[in-house]
Protein chains: 2
Amino acid sequence: MATTGINNGVNVQALLDAREALKGAPEAAKFTWRASCKWQNGTHSKTHVQSFFGLGQEQSHKMPTELGADHPEIFASEDHAITPIEYILVGLASCLTAGVASVAQNRGIQLRSVESQLEGKMDLRGILGIDSDVRNGYDDIKVTFKIDADASKEDIEALVAQSQKRSAVYDIVTNPTNVTVHVA
Amino acid sequence: MATTGINNGVNVQALLDAREALKGAPEAAKFTWRASCKWQNGTHSKTHVQSFFGLGQEQSHKMPTELGADHPEIFASEDHAITPIEYILVGLASCLTAGVASVAQNRGIQLRSVESQLEGKMDLRGILGIDSDVRNGYDDIKVTFKIDADASKEDIEALVAQSQKRSAVYDIVTNPTNVTVHVA
(Lines give C-alpha, C1' and ligand atoms only; values in the text may rest on other atoms or scores of the structure.)
Protein backbone atom coordinates (compact mmCIF):
# COMPACT_ATOMS: atom_id res chain seq x y z
CA MET A 1 0.00 0.00 0.00
CA ALA A 2 1.26 3.47 -0.86
CA THR A 3 2.77 5.29 2.08
CA THR A 4 4.64 8.03 0.20
CA GLY A 5 5.33 10.94 2.51
CA ILE A 6 3.57 9.29 5.45
CA ASN A 7 5.87 8.58 8.36
CA ASN A 8 4.64 7.28 11.67
CA GLY A 9 8.01 5.68 12.42
CA VAL A 10 6.80 2.17 11.68
CA ASN A 11 8.67 0.09 9.13
CA VAL A 12 5.62 -1.56 7.62
CA GLN A 13 7.56 -2.97 4.68
CA ALA A 14 9.75 -4.96 7.09
CA LEU A 15 6.62 -6.35 8.75
CA LEU A 16 5.08 -7.27 5.41
CA ASP A 17 8.36 -8.95 4.43
CA ALA A 18 8.41 -10.82 7.76
CA ARG A 19 4.85 -11.98 7.11
CA GLU A 20 5.89 -13.39 3.75
CA ALA A 21 9.00 -15.04 5.21
CA LEU A 22 7.15 -16.59 8.17
CA LYS A 23 4.42 -18.02 5.94
CA GLY A 24 6.98 -20.58 4.82
CA ALA A 25 8.71 -20.98 8.20
CA PRO A 26 6.10 -21.59 10.91
CA GLU A 27 8.75 -22.74 13.42
CA ALA A 28 10.45 -19.33 13.29
CA ALA A 29 7.14 -17.69 14.28
CA LYS A 30 7.10 -19.49 17.64
CA PHE A 31 8.11 -17.02 20.33
CA THR A 32 8.61 -17.42 24.07
CA TRP A 33 8.48 -14.29 26.23
CA ARG A 34 9.94 -14.45 29.73
CA ALA A 35 9.99 -12.69 33.07
CA SER A 36 11.53 -13.56 36.43
CA CYS A 37 10.17 -12.21 39.69
CA LYS A 38 11.69 -11.86 43.16
CA TRP A 39 9.68 -11.18 46.29
CA GLN A 40 11.10 -8.25 48.25
CA ASN A 41 8.96 -7.93 51.39
CA GLY A 42 5.24 -7.72 52.11
CA THR A 43 3.41 -7.32 48.79
CA HIS A 44 6.44 -5.75 47.10
CA SER A 45 8.19 -7.63 44.28
CA LYS A 46 10.60 -6.87 41.45
CA THR A 47 10.30 -8.44 38.02
CA HIS A 48 13.15 -8.65 35.55
CA VAL A 49 12.65 -8.81 31.78
CA GLN A 50 15.33 -9.11 29.12
CA SER A 51 15.69 -12.34 27.16
CA PHE A 52 13.18 -14.01 24.86
CA PHE A 53 13.19 -16.67 22.18
CA GLY A 54 12.08 -16.22 18.58
CA LEU A 55 13.06 -16.65 14.92
CA GLY A 56 14.57 -19.96 16.01
CA GLN A 57 17.10 -18.55 18.47
CA GLU A 58 17.70 -16.74 21.75
CA GLN A 59 17.06 -12.99 21.57
CA SER A 60 17.58 -10.12 23.98
CA HIS A 61 16.24 -6.64 24.54
CA LYS A 62 18.96 -3.99 24.26
CA MET A 63 18.58 -3.23 27.97
CA PRO A 64 17.39 -5.20 31.02
CA THR A 65 14.20 -3.88 32.64
CA GLU A 66 13.32 -4.23 36.32
CA LEU A 67 9.79 -3.36 37.37
CA GLY A 68 8.49 -3.09 40.91
CA ALA A 69 4.93 -3.87 41.96
CA ASP A 70 3.25 -3.36 45.31
CA HIS A 71 -0.10 -2.59 46.90
CA PRO A 72 -1.11 0.94 47.93
CA GLU A 73 -1.12 2.31 51.46
CA ILE A 74 -4.92 2.00 51.74
CA PHE A 75 -4.36 -1.79 51.56
CA ALA A 76 -1.92 -1.49 54.48
CA SER A 77 1.05 -1.85 52.09
CA GLU A 78 3.94 0.47 51.37
CA ASP A 79 3.13 1.56 47.79
CA HIS A 80 6.67 1.06 46.53
CA ALA A 81 5.25 0.79 42.99
CA ILE A 82 2.04 0.41 40.99
CA THR A 83 -0.19 -2.62 41.53
CA PRO A 84 -0.07 -5.82 39.47
CA ILE A 85 -3.44 -5.13 37.84
CA GLU A 86 -2.38 -1.68 36.71
CA TYR A 87 0.28 -3.46 34.64
CA ILE A 88 -2.57 -5.03 32.66
CA LEU A 89 -3.75 -1.54 31.69
CA VAL A 90 -0.19 -0.59 30.70
CA GLY A 91 0.07 -3.67 28.46
CA LEU A 92 -3.34 -3.09 26.90
CA ALA A 93 -2.78 0.63 26.26
CA SER A 94 0.64 0.16 24.71
CA CYS A 95 -0.41 -2.80 22.54
CA LEU A 96 -3.41 -0.97 21.07
CA THR A 97 -1.29 2.17 20.55
CA ALA A 98 1.48 0.31 18.70
CA GLY A 99 -1.25 -1.26 16.60
CA VAL A 100 -2.81 2.08 15.73
CA ALA A 101 0.59 3.40 14.55
CA SER A 102 1.31 0.29 12.49
CA VAL A 103 -2.12 0.14 10.84
CA ALA A 104 -2.03 3.89 10.15
CA GLN A 105 1.33 3.50 8.41
CA ASN A 106 -0.01 0.61 6.33
CA ARG A 107 -3.10 2.63 5.36
CA GLY A 108 -1.14 5.77 4.53
CA ILE A 109 -2.58 7.84 7.40
CA GLN A 110 -0.28 10.40 9.01
CA LEU A 111 -0.74 10.47 12.81
CA ARG A 112 -0.05 13.62 14.77
CA SER A 113 -0.98 12.38 18.25
CA VAL A 114 -2.50 9.28 19.80
CA GLU A 115 -3.60 9.38 23.41
CA SER A 116 -5.73 6.99 25.39
CA GLN A 117 -7.33 6.84 28.80
CA LEU A 118 -8.01 3.46 30.39
CA GLU A 119 -10.29 2.63 33.28
CA GLY A 120 -10.61 -0.82 34.81
CA LYS A 121 -13.43 -1.38 37.26
CA MET A 122 -12.95 -3.94 40.01
CA ASP A 123 -14.98 -4.97 43.03
CA LEU A 124 -12.60 -5.64 45.90
CA ARG A 125 -15.08 -8.07 47.47
CA GLY A 126 -13.69 -10.65 45.00
CA ILE A 127 -10.05 -10.76 46.09
CA LEU A 128 -11.02 -10.30 49.74
CA GLY A 129 -13.20 -13.39 49.55
CA ILE A 130 -16.33 -11.57 50.79
CA ASP A 131 -18.63 -12.74 48.02
CA SER A 132 -17.81 -15.76 45.87
CA ASP A 133 -20.08 -14.42 43.10
CA VAL A 134 -17.74 -11.43 42.66
CA ARG A 135 -14.79 -12.10 40.39
CA ASN A 136 -11.21 -11.26 41.41
CA GLY A 137 -10.27 -9.38 38.25
CA TYR A 138 -11.68 -6.44 36.36
CA ASP A 139 -15.44 -6.34 35.79
CA ASP A 140 -14.72 -4.38 32.65
CA ILE A 141 -12.12 -2.14 31.05
CA LYS A 142 -12.93 0.99 29.10
CA VAL A 143 -10.41 2.44 26.62
CA THR A 144 -10.96 5.89 25.13
CA PHE A 145 -8.71 7.03 22.29
CA LYS A 146 -8.16 10.62 21.24
CA ILE A 147 -6.39 10.67 17.89
CA ASP A 148 -5.25 13.60 15.80
CA ALA A 149 -4.55 12.42 12.25
CA ASP A 150 -4.99 13.29 8.60
CA ALA A 151 -8.09 11.13 8.30
CA SER A 152 -11.86 11.16 8.75
CA LYS A 153 -13.54 10.11 11.99
CA GLU A 154 -14.64 6.92 10.22
CA ASP A 155 -11.11 6.10 9.05
CA ILE A 156 -9.77 6.72 12.56
CA GLU A 157 -12.41 4.44 14.05
CA ALA A 158 -11.50 1.79 11.49
CA LEU A 159 -7.82 2.14 12.47
CA VAL A 160 -8.64 1.51 16.11
CA ALA A 161 -10.90 -1.42 15.23
CA GLN A 162 -8.15 -3.04 13.16
CA SER A 163 -5.65 -2.51 15.99
CA GLN A 164 -8.01 -4.37 18.37
CA LYS A 165 -8.37 -7.18 15.84
CA ARG A 166 -4.60 -7.76 15.73
CA SER A 167 -3.69 -6.92 19.34
CA ALA A 168 -2.03 -9.65 21.39
CA VAL A 169 -2.94 -8.06 24.74
CA TYR A 170 -6.54 -7.31 23.75
CA ASP A 171 -6.84 -11.01 22.87
CA ILE A 172 -5.26 -12.11 26.17
CA VAL A 173 -7.59 -9.92 28.24
CA THR A 174 -10.82 -10.61 26.37
CA ASN A 175 -10.30 -14.35 25.88
CA PRO A 176 -9.23 -17.11 28.27
CA THR A 177 -5.55 -18.03 28.29
CA ASN A 178 -4.24 -21.19 29.87
CA VAL A 179 -1.89 -20.56 32.81
CA THR A 180 -0.08 -23.41 34.56
CA VAL A 181 1.46 -22.65 37.95
CA HIS A 182 3.72 -25.10 39.70
CA VAL A 183 6.27 -25.21 42.49
CA ALA A 184 9.75 -26.43 41.56
CA MET B 1 -4.94 -16.94 62.90
CA ALA B 2 -1.78 -17.03 65.02
CA THR B 3 1.18 -15.31 63.38
CA THR B 4 3.38 -14.80 66.45
CA GLY B 5 6.97 -14.34 65.41
CA ILE B 6 6.13 -14.71 61.72
CA ASN B 7 6.83 -11.61 59.69
CA ASN B 8 6.54 -11.51 55.92
CA GLY B 9 5.86 -7.77 55.98
CA VAL B 10 2.15 -8.17 55.27
CA ASN B 11 -0.35 -6.58 57.65
CA VAL B 12 -2.88 -9.41 57.50
CA GLN B 13 -4.89 -8.05 60.41
CA ALA B 14 -5.56 -4.84 58.47
CA LEU B 15 -6.75 -6.92 55.50
CA LEU B 16 -9.01 -9.03 57.73
CA ASP B 17 -10.39 -5.81 59.28
CA ALA B 18 -10.96 -4.37 55.79
CA ARG B 19 -12.84 -7.53 54.83
CA GLU B 20 -15.14 -7.12 57.80
CA ALA B 21 -15.65 -3.40 57.11
CA LEU B 22 -16.36 -3.90 53.38
CA LYS B 23 -18.90 -6.66 54.07
CA GLY B 24 -21.24 -3.91 55.23
CA ALA B 25 -20.15 -1.30 52.68
CA PRO B 26 -20.21 -2.79 49.17
CA GLU B 27 -19.99 0.65 47.52
CA ALA B 28 -16.61 1.28 49.16
CA ALA B 29 -15.29 -1.94 47.59
CA LYS B 30 -15.80 -0.58 44.07
CA PHE B 31 -12.42 0.44 42.66
CA THR B 32 -11.42 2.04 39.37
CA TRP B 33 -7.81 1.70 38.25
CA ARG B 34 -6.52 4.03 35.55
CA ALA B 35 -3.74 4.52 33.04
CA SER B 36 -3.14 7.10 30.33
CA CYS B 37 -0.99 6.39 27.31
CA LYS B 38 0.76 8.65 24.81
CA TRP B 39 2.12 7.47 21.50
CA GLN B 40 5.75 8.56 21.01
CA ASN B 41 6.77 7.35 17.54
CA GLY B 42 6.63 4.04 15.70
CA THR B 43 5.56 1.33 18.15
CA HIS B 44 6.92 3.27 21.14
CA SER B 45 4.49 4.61 23.76
CA LYS B 46 4.62 5.87 27.33
CA THR B 47 1.93 5.07 29.87
CA HIS B 48 1.36 7.08 33.02
CA VAL B 49 -0.17 5.62 36.20
CA GLN B 50 -0.93 7.46 39.42
CA SER B 51 -4.54 8.10 40.42
CA PHE B 52 -7.26 5.60 41.16
CA PHE B 53 -10.65 5.55 42.85
CA GLY B 54 -11.65 3.43 45.84
CA LEU B 55 -13.15 3.44 49.32
CA GLY B 56 -15.60 6.01 47.97
CA GLN B 57 -13.04 8.64 47.02
CA GLU B 58 -10.14 9.64 44.77
CA GLN B 59 -6.84 8.01 45.73
CA SER B 60 -3.27 8.39 44.52
CA HIS B 61 -0.08 6.40 44.53
CA LYS B 62 2.71 8.14 46.42
CA MET B 63 4.63 8.61 43.18
CA PRO B 64 3.68 8.85 39.49
CA THR B 65 4.94 6.00 37.30
CA GLU B 66 5.74 6.27 33.60
CA LEU B 67 6.33 3.07 31.68
CA GLY B 68 7.58 2.76 28.14
CA ALA B 69 6.66 -0.03 25.75
CA ASP B 70 8.00 -0.80 22.31
CA HIS B 71 8.72 -3.67 19.94
CA PRO B 72 12.19 -5.24 19.63
CA GLU B 73 14.65 -4.64 16.83
CA ILE B 74 13.87 -7.99 15.19
CA PHE B 75 10.38 -6.54 14.51
CA ALA B 76 12.05 -3.55 12.80
CA SER B 77 11.37 -1.38 15.87
CA GLU B 78 13.75 0.50 18.14
CA ASP B 79 13.40 -1.52 21.37
CA HIS B 80 13.07 1.55 23.60
CA ALA B 81 11.38 -0.67 26.23
CA ILE B 82 9.83 -4.09 26.80
CA THR B 83 6.84 -5.20 24.73
CA PRO B 84 3.18 -4.82 25.74
CA ILE B 85 2.71 -8.55 26.23
CA GLU B 86 5.70 -8.80 28.55
CA TYR B 87 3.77 -6.42 30.84
CA ILE B 88 1.19 -9.20 31.20
CA LEU B 89 3.89 -11.47 32.63
CA VAL B 90 5.01 -8.69 35.00
CA GLY B 91 1.44 -8.26 36.28
CA LEU B 92 0.88 -11.98 36.66
CA ALA B 93 4.19 -12.63 38.43
CA SER B 94 3.78 -9.77 40.89
CA CYS B 95 0.13 -10.56 41.66
CA LEU B 96 0.83 -14.22 42.45
CA THR B 97 3.90 -13.23 44.50
CA ALA B 98 2.00 -10.68 46.61
CA GLY B 99 -0.63 -13.37 47.15
CA VAL B 100 1.91 -15.93 48.30
CA ALA B 101 3.28 -13.45 50.89
CA SER B 102 -0.19 -12.54 52.14
CA VAL B 103 -1.44 -16.12 52.40
CA ALA B 104 1.81 -17.21 54.10
CA GLN B 105 1.39 -14.47 56.70
CA ASN B 106 -2.21 -15.51 57.32
CA ARG B 107 -1.17 -19.16 57.69
CA GLY B 108 1.78 -18.43 59.95
CA ILE B 109 4.43 -19.50 57.45
CA GLN B 110 7.73 -17.60 57.47
CA LEU B 111 9.01 -16.99 53.94
CA ARG B 112 12.72 -16.65 53.25
CA SER B 113 12.61 -16.24 49.48
CA VAL B 114 10.04 -16.41 46.71
CA GLU B 115 11.20 -16.47 43.13
CA SER B 116 9.32 -17.27 39.95
CA GLN B 117 10.09 -17.79 36.30
CA LEU B 118 7.40 -17.09 33.72
CA GLU B 119 7.25 -18.19 30.10
CA GLY B 120 4.54 -17.17 27.67
CA LYS B 121 4.40 -18.95 24.34
CA MET B 122 3.06 -17.09 21.35
CA ASP B 123 2.81 -17.88 17.66
CA LEU B 124 3.55 -14.71 15.70
CA ARG B 125 1.45 -15.92 12.78
CA GLY B 126 -1.56 -14.65 14.76
CA ILE B 127 -0.70 -10.95 15.00
CA LEU B 128 0.83 -10.96 11.54
CA GLY B 129 -2.44 -12.24 10.10
CA ILE B 130 -0.84 -15.25 8.42
CA ASP B 131 -3.25 -17.85 9.78
CA SER B 132 -6.65 -16.88 11.16
CA ASP B 133 -6.72 -20.09 13.24
CA VAL B 134 -3.74 -18.83 15.28
CA ARG B 135 -4.66 -16.54 18.15
CA ASN B 136 -2.95 -13.17 18.68
CA GLY B 137 -2.17 -13.67 22.37
CA TYR B 138 -0.32 -16.27 24.38
CA ASP B 139 -1.02 -19.92 23.63
CA ASP B 140 -0.17 -20.63 27.24
CA ILE B 141 1.77 -19.25 30.16
CA LYS B 142 3.87 -21.35 32.51
CA VAL B 143 4.77 -20.06 35.99
CA THR B 144 7.36 -21.89 38.09
CA PHE B 145 7.80 -20.89 41.73
CA LYS B 146 10.85 -21.60 43.84
CA ILE B 147 10.02 -20.90 47.48
CA ASP B 148 12.22 -21.17 50.54
CA ALA B 149 10.04 -21.18 53.67
CA ASP B 150 9.50 -22.85 57.03
CA ALA B 151 6.90 -25.21 55.64
CA SER B 152 6.49 -28.59 53.95
CA LYS B 153 6.36 -28.97 50.19
CA GLU B 154 2.60 -29.65 50.54
CA ASP B 155 2.02 -26.48 52.56
CA ILE B 156 4.01 -24.44 50.03
CA GLU B 157 2.00 -25.90 47.17
CA ALA B 158 -1.20 -25.06 49.05
CA LEU B 159 0.05 -21.46 49.52
CA VAL B 160 0.58 -21.06 45.80
CA ALA B 161 -2.79 -22.64 45.01
CA GLN B 162 -4.57 -20.23 47.37
CA SER B 163 -2.70 -17.29 45.84
CA GLN B 164 -3.99 -18.32 42.39
CA LYS B 165 -7.51 -18.61 43.76
CA ARG B 166 -7.48 -15.00 45.00
CA SER B 167 -5.32 -13.40 42.28
CA ALA B 168 -6.87 -10.57 40.27
CA VAL B 169 -4.40 -10.91 37.38
CA TYR B 170 -4.62 -14.72 37.24
CA ASP B 171 -8.39 -14.26 36.91
CA ILE B 172 -8.02 -11.60 34.19
CA VAL B 173 -5.66 -13.77 32.13
CA THR B 174 -7.46 -17.11 32.51
CA ASN B 175 -11.01 -15.78 32.11
CA PRO B 176 -12.57 -13.41 29.57
CA THR B 177 -12.82 -9.74 30.56
CA ASN B 178 -15.00 -7.28 28.72
CA VAL B 179 -13.02 -4.47 27.06
CA THR B 180 -14.77 -1.57 25.32
CA VAL B 181 -12.67 0.58 23.02
CA HIS B 182 -13.97 3.81 21.55
CA VAL B 183 -12.71 6.96 19.89
CA ALA B 184 -13.59 10.26 21.60
Inset, instruction - Return only the number of the condition from (1) under 16 Å from residue B:174 (Cα atoms); (2) open to solvent by 50 Å² or more (accessible area, probe 1.4 Å); (3) within 7 Å of chain B (Cβ to nearest Cβ) that residue A:174 does not satisfy. - result: (2)
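Quick one: would you say residue B:132 is of a type in the set (S, T, N, Q), more than 25 Å from residue A:55 (Cβ to Cβ) and either more than 8 Å from chain A (Cβ to nearest Cβ) or in a helix (DSSP H, G or I) (or both)?
Details: of a type in the set (S, T, N, Q): yes; more than 25 Å from residue A:55 (Cβ to Cβ): no; either more than 8 Å from chain A (Cβ to nearest Cβ) or in a helix (DSSP H, G or I) (or both): yes.
Judged against the criteria, residue B:132 is not a match.
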Inset, instruction - Starting from residues that are within 7 Å of chain A (Cβ to nearest Cβ) and under 25 Å from residue A:28 (Cα atoms), keep the ones in the range B:60-74 and report whichever is most open to solvent (accessible area, probe 1.4 Å). - result: B:74
Inset, instruction - Return the only residue of B:114, B:169, B:179, B:143 being in contact with a His (Cβ under 9 Å, 6 or more places away or on another chain) and outside any loop (DSSP other than H, G, I, E, B). - result: B:143
Legend entry - Enumeration of residues in the range B:24-59 that are more than 7 Å from every other protein chain (Cβ to nearest Cβ), under 26 Å from residue A:98 (Cα atoms) and either of a type in the set (Asp, Glu) or open to solvent by less than 40 Å² (accessible area, probe 1.4 Å) (or both): B:44, B:52
Inset, instruction - Identify all residues within the range B:128-143 that are open to solvent by less than 20 Å² (accessible area, probe 1.4 Å) and free of Cβ contacts under 8 Å to residues at least 24 places away in the same chain; write none if there are none. - result: B:136
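Here are some residues: A:98, A:168. Which one is touching a Phe, Trp or Tyr at 6+ places or on another chain (Cβ under 8 Å) and open to solvent by less than 10 Å² (accessible area, probe 1.4 Å)? Steps first, please.
Numbers: A:98 fails: touching a Phe, Trp or Tyr at 6+ places or on another chain (Cβ under 8 Å).
Checking each option against the conditions leaves just A:168.
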Inset, instruction - All but one of (1) open to solvent by 30 Å² or more (accessible area, probe 1.4 Å); (2) in contact with a Leu (Cβ under 8 Å, 6 or more places away or on another chain); (3) over 16 Å from residue A:31 (Cβ atoms) hold for residue B:110, so report the exception by its number. - result: (2)
Inset, instruction - Identify the single condition in (1) at the interface with another protein chain (Cβ under 7 Å from one of its Cβ atoms); (2) over 19 Å from the mean Cα position of the chain (by Cα) that residue B:6 does not satisfy, given that it satisfies every other one. - result: (1)
Inset, instruction - Identify all residues within the range A:146-165 that are surrounded by fewer than 16 Cβ atoms within 10 Å (Cβ to Cβ) and assigned to a loop (DSSP other than H, G, I, E, B); write none if there are none. - result: A:150, A:152
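The values are calculated or read from the model by the stated rules, or taken from the named source; none is laboratory data. Note that this is a predicted model, so its numbers are computed, not measured. As a convention, Cβ positions derive from the backbone with ideal geometry for all residues, glycine included, and neighbour counts pool all protein chains shown. Surface areas here come from the heavy atoms of the whole protein model, side chains and all, with no ligands, DNA or RNA. Shrake-Rupley method; radii C 1.70, N 1.55, O 1.52, S 1.80 Å.
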